[in-house]
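Below: the structure, in structure tokens.
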Amino acid sequence: MLAALGFLVNGPYALITTAVSADLGTHKSLKGNAKALSTVTAIIDGTGSIGAAVGPLLAGIILNKAGASQRAAQWDNVFYMLMASDVLACLFLLRIFVKEIKGWCAGCCKQETSDVT
């Protein structure tokens, strides 16, 4: 069970950090500078690790705000915090997603026009 949960958590995390690193790797200011690219990738990975540490800390803080009798009701607030962090992550990734879709659509349109001519 823990292996499956680890796979389901680490998989999306690895995809997100890879997507952001690859997007930054194509930026003109990092072209040809492997040291700068590795530094940016390390900062992104470190930020993800900090997020992985802060999430359980916030869950504990939220749960401890209530007394022992209301602890079950506080779990709702923990899940609201998790939902808010998911929405925030989606908003941050939306720009990259739109850029990828536009690039994909532009490639498809070029193929269709070259097939017609």
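The values are calculated or read from the model by the stated rules, or taken from the named source; none is laboratory data. Predicted model only: the values in this text are computed from it and were never measured. Cβ coordinates were reconstructed from backbone atoms using ideal geometry, including for glycine residues, and neighbour counts include every protein chain displayed. Side chains included, ligands, DNA and RNA excluded: accessible areas come from the protein's heavy atoms. Shrake-Rupley method; radii C 1.70, N 1.55, O 1.52, S 1.80 Å.
Things worth noting here:
- Kyte-Doolittle mean at least 1.0 and Cα axial length at least 20 Å: DSSP H helices in the chain: 2-25, 34-64
- Rounded to the nearest 500, the 222 nm mean residue ellipticity of the chain from helices alone is -31500 deg cm²/dmol, with -39,500 (n - 2.57) taken per DSSP H run of at least 4 residues.
- Listed options for P(r) over Cα pairs in 10 Å bins from 0, in percent are (i) 10, 21, 17, 14, 12, 8, 7, 6, 4, 1, 0; (ii) 11, 27, 29, 19, 10, 4, 1, 0; (iii) 14, 45, 35, 7. The value calculated from this structure is the one marked (ii).
- Total lysine pairs in the chain at Cα distances under 22 Å, for residues eight or more apart or on different chains: 5.
- Fluctuation leader among A73, A84, A36 - the chain, Gaussian network, Cα springs under 10 angstrom: A73
- Legend: calculated FRET efficiency, L57 to F92, from the Cβ-Cβ distance at R0 = 22 Å, rounded to 0.05, equals 0.60.
- For the pair I101 and M83, label points projected 7 Å from Cα toward Cβ lie 2.3 nm apart.
- The listed residues V20, V87 rank as V87, V20 when sorted by accessible area, largest first, using a 1.4 Å probe.
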